[in-house]
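> One structure, as structure tokens, below. Some questions next.
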Amino acid sequence: MDVSALAFARPREGTQPPYLFPDYASTVKRSPRRALVRLEHTLSEVTGPTFASGWAGLDATDLTRQHKGEPLGERIIVEGRVLDEDGRPVPGTLLELWQCNAAGRYHHPVDQHDAPLDPNFTGAGQIVTGEVGDFRFVTIKPGAYPWRNSPNAWRPAHLHFGVFGPGFATRLVTQMYFPGDPLLEYDAIYQGTADLAARERLIGAYDPSLSEAEWALGYRFDLVLRGRTATPLETA
């Protein structure tokens, strides 16, 4: 599959979030006000990176084992596949995950939310997809947090995913939400995808076959990079 073309694919109307969505207040300031200008990529942007070593491993895929102690919160397993528009696997591509902790705070100096940091949880991992485009993460279910988009606005629990193609310029970003979360109805980012079927593809499915008894709940989340069943993605 030519992943390099993904950033310029034309999605069906309503299936991808717009640059400007007034209910998502920050897009008013950061969305383009003029027509986009395409800049040709240089060789360093369209070749590499290679993920032969140093990118994955147990410490990168199990976010609960990156420190000496156990992190606080509900342990979860997230499995899925990266697929193209025809359902074919996309193997050997880097998939990143990042998130806040169980209290709703990111391990980042910019996050000043009045919630505790967890010294045993950083909230970042990565994996290179397998032969059938598969991936598996063990982590902690993130908490909700306030984000000041509007009065008393709270972001629902979510995981961030970043998918790399053959070059850094082809990176695509999306979010996975959890089923039954009451905050989804009020979240401007989630609601920014107009097509209801596409919006539902942002929700991970609880899968008892992935759960491990008395240890962790399991969720399945496939990422479809384009086509009629594409996962809504941020492409810029």
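> On the protein heavy atoms, probe 1.4 angstrom, tell me the percent of accessible surface of the chain carried by carbon and sulfur. Before the final figure, lay out the partial values.
Values: 7110 of 13180 Å².
Reported share for carbon and sulfur atoms: 54 percent.
> Give the Rg (one decimal place) followed by the Dmax (whole number) of the chain, computed from C-alpha coordinates and expressed in Å.
17.8, 54
> Points 7 angstrom from Cα along the Cβ direction at Arg136 and Asp86: gap in nanometres?
2.9 nm
> How big is the antiparallel share of DSSP beta bridges in the chain, given as a percent to the nearest 5?
80 percent
> Measuring from a point 7 Å past the Cα of Asp181 along Cα-to-C-beta, which residues in region 193-236 have an amide N at less than 12 Å?
The answer is 202-205, whose backbone nitrogens lie closer than 12 Å to the label point.
> For region 52-182, what ratio Rg/Rh do Cα atoms give with a Kirkwood hydrodynamic radius?
Looking at region 52-182, the ratio lands at 0.99.
> Separate question: Whose amide H sits under 5 Å from the amide H of Ile203, counting only residues 5 or more places off or on another chain, with H placed in the peptide plane?
The answer is Tyr177.
> Can you give the extra length, in nm with one decimal, that the chain gains between Val173 and Asp207 once fully stretched, where that is 0.36 nm per residue apart less the Cα-Cα distance?
Gain on stretching Val173 to Asp207: 9.9 nm.
> Which residue fluctuates most in the GNM of the chain (Cα springs below 10 Å): Val37, Val138, Val128?
Val37
> Work out how far the C-alpha atoms of region 123-173 reach from end to end along every principal axis, then list the three figures in whole Å, largest first.
45, 27, 16
> Right, here's the next one. Note down the Stokes-Einstein diffusion coefficient of region 123-236 in µm²/s, whole number, using a Kirkwood radius over alpha carbon pairs, 20 °C, and 1.002 mPa s.
Details: Rh = 15.6 Å.
Rounded to a whole number, D works out at 137 µm²/s.
> Could you order the peptides 68-74, 218-224, 142-148 from most to least packed, using the average number of other C-beta atoms within 10 Å per residue?
So the peptides 68-74, 218-224, 142-148, ranked by packing, come out 218-224, 142-148, 68-74.
> Give the accessible surface of region 110-188 per residue, rounded to a whole number of Å², with probe radius 1.4 Å and ligands, DNA and RNA excluded.
I get 44 Å² per residue for region 110-188.
The values are calculated or read from the model by the stated rules, or taken from the named source; none is laboratory data. Being a predicted model, the structure only gives us computed values, none of them experimental. Neighbour counts run over all protein chains shown; Cβ positions are idealised from the backbone, glycine included. Note: accessible area is taken over every heavy atom of the protein model, side chains too, but ligands, DNA and RNA are not part of it. Shrake-Rupley method; radii C 1.70, N 1.55, O 1.52, S 1.80 Å.
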